[in-house]
Amino acid sequence: MAFGSKPKPDDRSDNVEKLQEMIHNTIENMERAEETAALSDSEETRHQVEEKNERRRESLEAMRAEVKDEAQANGQMTE
């Protein structure tokens, strides 16, 4: 870091929005992968898509939990 410069403050105000976009993109990727697997003659390809989509499902769970945490931290959600 250069002398005299300050780090940017941690702005988390748009984390929920960014996470929701990531969730949307992940779901789209899963759907495209399933379409590709359905058209494939390769059992190996279908198996690889299934494994990758399982990892994506796990990521979705984590991202959704993070959205909930961020929303609560930002006062955007009450339960």
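A few comments on the model shown:
- Unmet requirement for Ser13, which otherwise passes all of (1) touching a residue at least 40 places away in the same chain (Cβ under 8 Å); (2) assigned to a helix (DSSP H, G or I): (2)
- When Glu31 is tested against the conditions (1) of a type outside the set (S, T, N, Q); (2) out of contact with any helix residue (DSSP H, G or I) (no Cβ under 8 Å at 6 or more places or on another chain); (3) touching a residue at least 40 places away in the same chain (Cβ under 8 Å), the lone failure is (3).
- Filtered by the rule that a residue be of a type in the set (Gly, Ala, Ser), part of a helix (DSSP H, G or I) and over 11 Å from the mean Cα position of the chain (by Cα), the range 25-79 gives Ala33, Ala37, Ala38, Ala71, Ala73.
No value in this document is a laboratory result; all are computed from the given coordinates. Because the structure is predicted, anything quoted here is derived from the model rather than measured. For neighbour counting, all protein chains shown are included, and Cβ atoms are generated from backbone atoms with ideal geometry for every residue, glycine included.
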